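K.L.:
Mind having a look at this structure? Questions to follow.
The values are calculated or read from the model by the stated rules, or taken from the named source; none is laboratory data. This structure is a prediction, so every number in the text was calculated from the model and none was measured. No Cβ is skipped: glycine too gets one built from the backbone with ideal geometry, and neighbour counts run over all protein chains shown. Heavy atoms of the whole protein, side chains included, go into the accessibility calculation; ligands, DNA and RNA do not. Shrake-Rupley method; radii C 1.70, N 1.55, O 1.52, S 1.80 Å.
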Amino acid sequence: MRKLLLPALLALLASCSTSAPTQTLTPVNFSEVTIDDAFWGPRLQSHKDVTLKVCIDQIENQTGRIRNFENAAKGEGAHSGIFFDDSDVYKALEGMAYSLQNHPDPELEAKCDEWIDKFAAAQQPDGYINTYYTLTGLENRWDNMDKHEMYCAGHMIEAGVAYYNVTGKRKLLDICIRMADHLMTVFGPGKRHWVPGHEEIELALVKLYRTTGEKKYLDFAQWLLEQRGHGYGSYGAKSDRKWPTQYYQDDVPVREQTDISGHAVRSMYLFCGMADVAACTGDQGYIDALDRLWDDVVLRNMYITGGIGQSRHNEGFTEDYSLPNLTAYCETCASVGMVLWNWRMNQRTGDAKYADVLERSMYNGALAGISLAGDRFFYVNPLESLGNHHRQPWYGCACCPSQICRFLPSIGNYIYGTSKDGIWVNLYMGNRATMKVGRKTLTIKQETEYPWKGAVSLTVGTKTPVRTTVHLRIPGWCKAWSIAINGEKMPTPVEKGYAILERKWSDGDRITLDLEMPARLVAADPRTKEDEGCRAVQRGPLVYCLEEVDNPEAFDSLKLCEDAAFEETFEPDLLRGVVSLSTASGEKTLKFIPYYAWDNREAGRMKVWIPLE
Ligand code: FUB
Ligand code: ZN
């Protein structure tokens with residue numbers, strides 16, 4: 001793992017001084033975490049060996065995304081693809097940067113530098129960068145708020161920050177700074193109003209603030225958030241597509257929002273931006289709004305897979321409790337958005353309920369977004385299929401492949417947090433991590449076969465004994481658990497979903513956590529008519545499904561017993577190693593596999609919600 005002291009130090013200083021006292025946790029950056037886990041390790045390896053190669057090939061050869069930058073630099077030639085295709089290049093680059101942290105690779109780093117040189121050449125003298133407008137007429141820029149200029153800029157900033165943090169190289173960061181400064185010459189107090197049609201720039205500006213320490217970027221992020229809901233938005237003046245302002249989360253000012261509506265991914269990025277600004281300013285209006293919106297999303301509009309956005313029509317939300325399975329949209333990007341937002345909610349509150357949702361979206365809605373081989377992607381993640389829905393190598397609108405590309409190698413971000421007096425463990429996966437608690441540096445070695453088994457061992461490493469509190473998340477799905485320290489069982493208080501272990505820790509102290517994870521049936525809220533009389537099956541964090549390939553006979557009439565007992569079998573050769581679940585139903589045996597792994601064998605029907613006998 002590469003250790004770059006200067007960027008790491010600057011980032012640390014910036015993050016210390018840029019958080020308000022309202023934050024309970026400080027995240028432990030993925031660069032301090034090495035994942036060596038039987039479940040995630042192979043996924044990170046195939047991300048490097050397969051997924052990155054697929055993305056680079058699509059971006060460079062199969063589509064004209066890099067050519068767009070080359071043409072923009074020359075100021076000639078046509079733009080090809082969709083107007084926000086630049087964002088996929090930036091998202092892939094962000095994934096490449098994270099991958100370099102996990103697996104240093106000079107060839108990959110050279111590819112990043114090559115792309116960054118092309119961005120630099122495409123940047124206009126005033127700092128503006130966007131290949132669509134550069135090639136179709138710069139005189140039209142900043143005209144249509146739904147044309148994603150700030151969305152693309154935001155993704156570029158996220159990539160620039162990631163690449164700077166990993167390599168210490170500033171070239172892309174400087175391109176980002178010039179673009180952000182350009183935005184602020186055109187928009188802002190006393191200048192033009194602007195409501196970004198697709199949020200993203202807001203959270204990116206906060207990252208830029210945390211990286212540079214320049215408060216003007218935080219102020220601009222807040223100004224952009226405050227633009228919403230005042231009638232300033234003007235979308236599609238030159239297009240036929242017309243959405244109501246709710247679609248853009250622009251119907252009421254953000255601090256007055258109460259109900260989730262509109263486009264799912266845009267909502268998630270907005271909420272991340274609000275959470276980030278509130279993390280820096282302590283703005284109670286934002287915090288209250290986010291709390292209300294979380295209830296509306298999670299309690300009334302979320303699928304059991306942690307997916308959100310019921311409808312293809314608006315790529316977003318419809319009516320409370322209306323959760324159709326066959327037509328569920330559940331865009332992969334929206335599930336990743338749920339991870340990003342819930343991670344921020346957890347940091348503010350230190351409440352494990354947010355990490356529960358994070359885990360649900362990560363292991364189910366998001367992980368289904370990529371094939372087991374790492375070379376195909378789902379955009380839409382229904383909870384039922386007639387056998388005609390399959391992952392694709394790429395999409396015309398490729399937001400989901402590039403999203404997965406940046407998400408997978410960053411998962412080390414979501415495992416730990418620290419606070420003044422303690423360590424917080426949110427996710428269970430094999431890894432070694434280093435973190436600061438007060439002035440002391442501690443290491444944690446986590447060993448587990450999660451999500452297949454609930455036994456977790458955490459070994460503390462410290463030069464000198466240190467008194468601190470370890471907070472272990474007790475997942476909401478777990479009904480029985482126990483904890484031992486150095487082999488001795490401990491009765492442990494639980495606060496906000498965390499078991500609290502306070503003591504003087506010595507080098508080599510070992511915590512063992514045992515989470516019972518029997519397969520169980522889950523009923524939907526009775527107001528969800530689509531799941532009436534049905535049950536889903538969950539084991540640990542994983543939601544299961546039936547696939548026709550395992551249950552070929554009369555698939556449509558399969559039923560579950562209300563008191564179904566499951567046989568759990570780890571099958572190393574099935575779907576790269578899964579625990580399958582079998583249960584008797586009349587004369588038949590139903591066989592379930594984890595939802596994330598469906599559509600990796602021969603095509604057939606699939607369903608998550610199964611009628612009761
Ligand atoms: O508009 C950019 C991205 O493309 C959105 O986040 C996705 O929903 C897709 O429409
Ligand atoms: Zn997407």
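K.L.:
Go over the candidates Pro393, Pro382 one by one and state the one that is over 30 Å from Ala484 (Cβ atoms) and away from ligand 1 (no atom under 16 Å from the Cβ).
P.N.:
So the residue among Pro393, Pro382 that is over 30 Å from Ala484 (Cβ atoms) and away from ligand 1 (no atom under 16 Å from the Cβ) is Pro393.
K.L.:
Sticking with this structure for a sec: Restricting the search to the stretch 69-101, which residues are under 23 Å from Arg432 (Cβ atoms), in contact with a Phe, Trp or Tyr (Cβ under 8 Å, 6 or more places away or on another chain) and either of a type in the set (S, T, N, Q) or free of Cβ contacts under 8 Å to residues at least 24 places away in the same chain (or both)?
P.N.:
If the condition is that a residue be under 23 Å from Arg432 (Cβ atoms), in contact with a Phe, Trp or Tyr (Cβ under 8 Å, 6 or more places away or on another chain) and either of a type in the set (S, T, N, Q) or free of Cβ contacts under 8 Å to residues at least 24 places away in the same chain (or both), then Gln101 is the only one that fits.
K.L.:
Name the pairs: first residue in the stretch 398-419 and closer than 16 Å to Met96 by Cα and touching a residue at least 40 places away in the same chain (Cβ under 8 Å), second residue within 12 Å of ligand 2 (Cβ to nearest atom) and of a type in the set (A, V, I, L, M), Cβ to Cβ under 6 Å, at least 6 apart or on different chains?
P.N.:
Gln403/Val336; Phe407/Val336
K.L.:
What tally of residues in the stretch 255-266 results from selecting those that are under 28 Å from Ile404 (Cβ atoms), out of contact with any strand residue (DSSP E or B) (no Cβ under 7 Å at 6 or more places or on another chain) and at pLDDT 95 or above?
P.N.:
Adding up the residues that qualify gives 3.
K.L.:
Run Trp115 past the list (1) open to solvent by 10 Å² or more (accessible area, probe 1.4 Å); (2) more than 19 Å from the chain's Cα centre (by Cα); (3) closer than 28 Å to Gly337 by Cβ and report the number of the one that doesn't hold.
P.N.:
(1)
K.L.:
If you take the residues of the stretch 312-343 that are away from ligand 2 (no atom under 15 Å from the Cβ) and of a type in the set (Ser, Thr, Tyr), which of them is most open to solvent (accessible area, probe 1.4 Å)?
P.N.:
Ranking the qualifying residues of the stretch 312-343, first place goes to Thr327.
K.L.:
Checking the conditions here, which among Gly374, Gly369, Gly430, Gly387 is surrounded by fewer than 21 Cβ atoms within 10 Å (Cβ to Cβ) and either in the same structural domain as Ile304 (by TED's automatic domain parsing) or of a type in the set (Asp, Glu) (or both)?
P.N.:
Gly387
K.L.:
Name the single residue, out of those in the stretch 261-289 being open to solvent by 10 Å² or more (accessible area, probe 1.4 Å) and touching a Ser or Thr at 6+ places or on another chain (Cβ under 6 Å), that is farthest from ligand 1 (Cβ to nearest atom).
P.N.:
My answer is Gly282.
K.L.:
Hand me the list of helices (runs of 4 or more DSSP H) wholly inside the stretch 1-58 holding 2 or more residues that are at pLDDT below 95 and open to solvent by less than 40 Å² (accessible area, probe 1.4 Å).
P.N.:
5-17
K.L.:
Now for a separate question. At least 1 residues that are hydroxyl-bearing (Ser, Thr, Tyr) and touching a Leu at 6+ places or on another chain (Cβ under 8 Å) in each: list the helices (runs of 4 or more DSSP H) lying fully within the stretch 165-254 that qualify.
P.N.:
Of the helices (runs of 4 or more DSSP H) lying wholly inside the stretch 165-254, those with at least 1 residues that are hydroxyl-bearing (Ser, Thr, Tyr) and touching a Leu at 6+ places or on another chain (Cβ under 8 Å) span 201-212, 215-226.
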